[in-house]
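Mind looking over this structure? Questions follow.
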Amino acid sequence: MPTLNGKPATYILRRLREFREGRGSPTIMDRIAKGYTDDELTRIADYLSKLP
Amino acid sequence: MQQLPRRRFLKTLASVSALSPLCLPEIGSAGSMSGRVVLAGGGFAGATCARYLRRIDPSVAVTLVDPQDGYHACPMSNWVIGGLRQSGSLAVNRDGLAAAGVNVVRDSAITIDGNARKVTLAAGSTLEYDRLVVAPGIEFKWGSPEGYDQAAAEVMPHAWQTGPQTTLLQHQLEAMEDGGVVVIAVPAAPFRCPPGPYERASLIAHYLKNNKPKSKIIILDANDKFSKQALFKEAWDALYPGMIEWVPVTEDGAVKRVDPKAMALYTELGEHKVSVANVIPAQGAGRLAADAGLTDESGWCPIDAKTFESRNMPGVHVIGDACIANPMPKSASAANSQAKNCALAIRALLRGEEPGEPSLHNTCYSLVAPDYAISINGIYRLANGKIVAVEGSGGVSPSGATPEFRAREAEYNQGWYESIIADSFGQANRTS
């Protein structure tokens, strides 16, 4: 299973956008990602990329 | 450095997403205390709000009052009843609050003076506040159904607050003869954890199928529909055919009266003599909220959805199960999300700033077998002062999904729990 810890924001944002389009074999992340705008997903990705 | 598995990341994202998109704010500068916040109640709502208040502004003095020295989490309590988890594993401590710099006071808040901004504790002391957060959870309406009081609950457990009631119901199921009838009586909505009774029926069925396969479960329901209904029915047909009978209010499902001595439940027209009775009584906001006049005629607390400030008492915020936040359900996840938004609003109000727009989130998993879970979720925003689900987002797991999909959701259910416990109560309480 791929890890996301330490992944750059650009990678996380790409995955989140895929989820929003129903790709990346989501179970619930598609339903979550569809609730947020591009700007919000960008800020989520930025935040997560900076987690220790 | 320890690597974060992808699945855990996804769950972490689910639990932090209510906060992070709109602001993970710059940390306030340390120095003199810039406000005093008192929280009454240390469940998911109160604990999360206390920890996040400290996290987003360490200059705020935060005191959390709760009579219990720990908390017993309700999500996963159905796993205990179904024999899939030890009840002790649901206990969480206050270490994560203390580590965040929250002053934890083991007492009960009993009265609120909204004008003087003081709260009185049972032991007699008073606490002054600039902002008070009331997060008392639920209170049972004893006598609804008729005959259901605290003594009756020792015979017909509600098991709707985790603790001795949970193990009582589990032990009754273990002691029951094969071929017994188990009834779950569901009150009219709203109540804590809308999918809870149906998850419970599923996990009791799992236990009975493996141990007492001639037994039966009847859900006597004061409602005519329920959360994730189609998905539960799909699972019951596949896993527990003929074992679970659901009787809606329209077919005389509402339990009006109970007789613990006769182990009987009475609906408008019918009598049900049962082996095990799980009676979930009607509920309202926790006692402090009702005593302090924070409730309306519904028994729950009306709030300004932007800040969760009480409509009845300025300076007091109500979050979690006690507040009226529909379409958000009364769930741990909703409480956690409301708590973060409330913390941000309080920080703004203490600084004399205009609170930002809330971004709210809920996820509820239901386990129907050890390798089979279903979920419902929602993303919410404010529109015309009301909480509304973001169009096109949220919803339930797909019907007809593969066994692999259901098994992944069962795995994520466990991860969701670990994440929300750590996020709400502190890393010290991570359960994995």
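The values are calculated or read from the model by the stated rules, or taken from the named source; none is laboratory data. Computed from a predicted structure; not experimentally measured. Cβ atoms come from the backbone with ideal geometry, glycine included; neighbour counts cover every protein chain shown.
Please find, among A:Ile44, A:Ile32, A:Ile28, the residue that is of a type in the set (A, V, I, L, M) and touching a Pro at 6+ places or on another chain (Cβ under 7 Å).
A:Ile44
Rundown of residues vs (1) within 13 Å of chain A (Cβ to nearest Cβ); (2) closer than 21 Å to B:Asn413 by Cβ; (3) touching a residue at least 24 places away in the same chain (Cβ under 8 Å); (4) touching a helix residue (DSSP H, G or I) at 6+ places or on another chain (Cβ under 6 Å), yes/no style:
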| residue | (1), (2), (3), (4) |
| --- | --- |
| B:Asn326 | no, no, yes, no |
| B:Ser333 | yes, yes, yes, no |
| B:Asn336 | no, yes, yes, yes |
| B:Ala339 | no, no, yes, yes |
| B:Leu344 | no, no, yes, no |
| B:Glu353 | no, no, no, no |
| B:Glu357 | yes, no, yes, no |
| B:Asn362 | yes, yes, yes, yes |
| B:Tyr365 | yes, yes, yes, yes |
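OK, next. Quick one: count up the residues across the range B:304-328 that are aliphatic (A, V, I, L, M) and within 15 Å of the chain's Cα centre (by Cα).
So the count comes out to 6.
Filtering the range B:414-432 down to residues that are surrounded by 13 or more Cβ atoms within 10 Å (Cβ to Cβ) and outside any helix (DSSP H, G or I), which residue is modelled with the highest pLDDT?
B:Gly426
Let me ask something else. Given (1) more than 28 Å from B:Arg406 (Cβ to Cβ); (2) more than 7 Å from every other protein chain (Cβ to nearest Cβ), where does A:Glu40 come up short, assuming only one miss?
(2)
Please indicate, with yes or no, whether at least one residue in the range B:165-177 is free of Cβ contacts under 8 Å to residues at least 40 places away in the same chain, out of contact with any Leu (no Cβ under 6 Å at 6 or more places or on another chain) and crowded, with 22+ Cβ neighbours inside 10 Å.
There is no residue in the range B:165-177 that is free of Cβ contacts under 8 Å to residues at least 40 places away in the same chain, out of contact with any Leu (no Cβ under 6 Å at 6 or more places or on another chain) and crowded, with 22+ Cβ neighbours inside 10 Å.
So, one more: Filter the strands (runs of 3 or more DSSP E) completely within the range B:33-140 down to those with at least 1 residues that are without any contact (Cβ under 8 Å) to a residue 24 or more places away in the chain.
Strands (runs of 3 or more DSSP E) meeting the threshold: B:109-113, B:118-121, B:126-128.
Yes or no: the range B:276-292 includes at least one residue that is over 23 Å from the mean Cα position of the chain (by Cα) and more than 30 Å from B:Asn384 (Cβ to Cβ).
Yes, the range B:276-292 contains a residue that is over 23 Å from the mean Cα position of the chain (by Cα) and more than 30 Å from B:Asn384 (Cβ to Cβ).
Hey, any hits in the range B:92-106 for a residue that's among the basic types (Lys, Arg) and surrounded by fewer than 16 Cβ atoms within 10 Å (Cβ to Cβ)?
The answer is yes; a qualifying residue exists.
Which numbered condition trips up A:Ile28, out of (1) more than 8 Å from chain B (Cβ to nearest Cβ); (2) within 22 Å of B:Arg406 (Cβ to Cβ); (3) not charged (D, E, K, R)?
Unmet condition: (1).
Residues to consider are B:Leu269, B:Leu288, B:Leu265, B:Leu294; find the one that is in a strand (DSSP E or B) and not basic (Lys, Arg).
Working: B:Leu269 fails: in a strand (DSSP E or B); B:Leu288 fails: in a strand (DSSP E or B); B:Leu294 fails: in a strand (DSSP E or B).
Among B:Leu269, B:Leu288, B:Leu265, B:Leu294, only B:Leu265 is in a strand (DSSP E or B) and not basic (Lys, Arg).
Just give me the residues in the range B:256-311 being of a type in the set (Phe, Trp, Tyr) and at negative phi, in sequence order.
Matches in the range B:256-311: B:Tyr266, B:Trp300.
So which residues in the range B:297-318 are in contact with a helix residue (DSSP H, G or I) (Cβ under 6 Å, 6 or more places away or on another chain) and either hydroxyl-bearing (Ser, Thr, Tyr) or not in a loop (DSSP other than H, G, I, E, B) (or both)?
Within the range B:297-318, B:Cys301, B:Thr307, B:His317 qualify.
How many residues are more than 7 Å from chain B (Cβ to nearest Cβ), buried (at least 21 other Cβ atoms within 10 Å of the Cβ) and not in a helix (DSSP H, G or I) if we restrict to the range A:1-25?
Within the range A:1-25, residues that are more than 7 Å from chain B (Cβ to nearest Cβ), buried (at least 21 other Cβ atoms within 10 Å of the Cβ) and not in a helix (DSSP H, G or I) number 0.
Further, regarding this structure: Filter the range B:141-158 for residues that are in contact with a Lys or Arg (Cβ under 8 Å, 6 or more places away or on another chain) and not in a loop (DSSP other than H, G, I, E, B) and give the result.
B:Glu146
Would you please list the contacts, defined by Cβ atoms under 8 Å and residues six or more apart or on different chains, that run from a residue in the range A:17-28 that is within 19 Å of A:Asp39 (Cα to Cα) to a residue that is modelled with pLDDT under 95 and not acidic (Asp, Glu)?
A:Glu18/A:Gly24
State whether the residues of the range B:392-413 include one that is surrounded by fewer than 17 Cβ atoms within 10 Å (Cβ to Cβ), within 23 Å of the chain's Cα centre (by Cα) and within 13 Å of another protein chain (Cβ to nearest Cβ).
yes
Select from the range B:153-181 the residues that are touching a strand residue (DSSP E or B) at 6+ places or on another chain (Cβ under 6 Å) and more than 29 Å from B:Val92 (Cβ to Cβ) and list them in ascending order.
B:Met176, B:Val181
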